[in-house]
Amino acid sequence: MIDPIFTPAIMLRDYAWQVLKLNMPDVWNESEYGGMVPVVAAAEEPDLSQYTGPIIIYGYALSGTGLISDLNNGSITFAIYDTDNRRLNKTLMILKAAFERHDESARYVNNHTTAKAGSWIGLRFTNINIGFVEGGSPETTEAGRQSGLINIRFSYVADYNVQLPS
């Protein structure tokens, strides 16, 4: 069983961060952000406003399938903000490649989360794929950050440790 504090979004965020660090270590590393991971939920965005490097803000939605009670669906959207269009596009394509392979992507994420040991046991992905990728948008201010979006869809099974009244 898994603690309800762990959502599929937290696991996908962690996996995406590891993928980016492996593929763009000169850009995506904690030392450039005061030891913080620059992939945060929308409510945490102000914590990163002081840094000039690229940042990623995410939001997610979850739903049941209605057909199989244990199977759930969801999606997470990463909004990448960067002043460098080529770096923004490279980030988008790396994430696309990491999450577009359906059950193979789910296997890679599950292997990563299993390596986290105890705390993440109880949530398994069955399918992960790309909903859409939206390339860089125009800057809102001169020399400002551009944004790109990637939406990742997923199916998962979770055994949350929740007590119910009798």
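Just so you know, all these numbers are worked out from the coordinates, no wet-lab data involved. Remember, it's a predicted structure, so these values are computed and weren't measured experimentally. For neighbour counting, all protein chains shown are included, and Cβ atoms are generated from backbone atoms with ideal geometry for every residue, glycine included.
Relative contact order of the chain, taken over Cα pairs closer than 8 Å and 6 or more residues apart, is 27 percent. Using a Debye calculation, one point per C-alpha and no hydration shell, please list log10 I(q)/I(0) for the stretch 52-94 at q = 0.22 Å⁻¹ in order. Rounded to two decimals, the profile gives -0.73.
In straight-distance terms, cross-link reach from K116 covers every one of the lysines whose alpha-carbon lies under 27 Å from its own, apart from those fewer than eight places away in the same chain; here that gives K21, K96.
Taking each DSSP H run with n ≥ 4 as -39500 (n - 2.57) and averaging over every residue of the chain yields -8500 deg cm²/dmol at 222 nm.
Counted residue by residue at 0.36 nm each, then reduced by the alpha carbon distance between them, the extension gain from S49 to S119 reaches 22.1 nm.
For the stretch 1-120, the direction-averaged projected area of the alpha-carbon convex hull comes to 8.3 nm². For the options T126, T52, T113, a Gaussian network treatment of the chain with springs between C-alpha atoms closer than 10 Å singles out T52 as fluctuating the most. Charged neighbours of D70, selected by a Cβ distance under 14 Å, balance to 0 (K, R count +1; D, E count -1).
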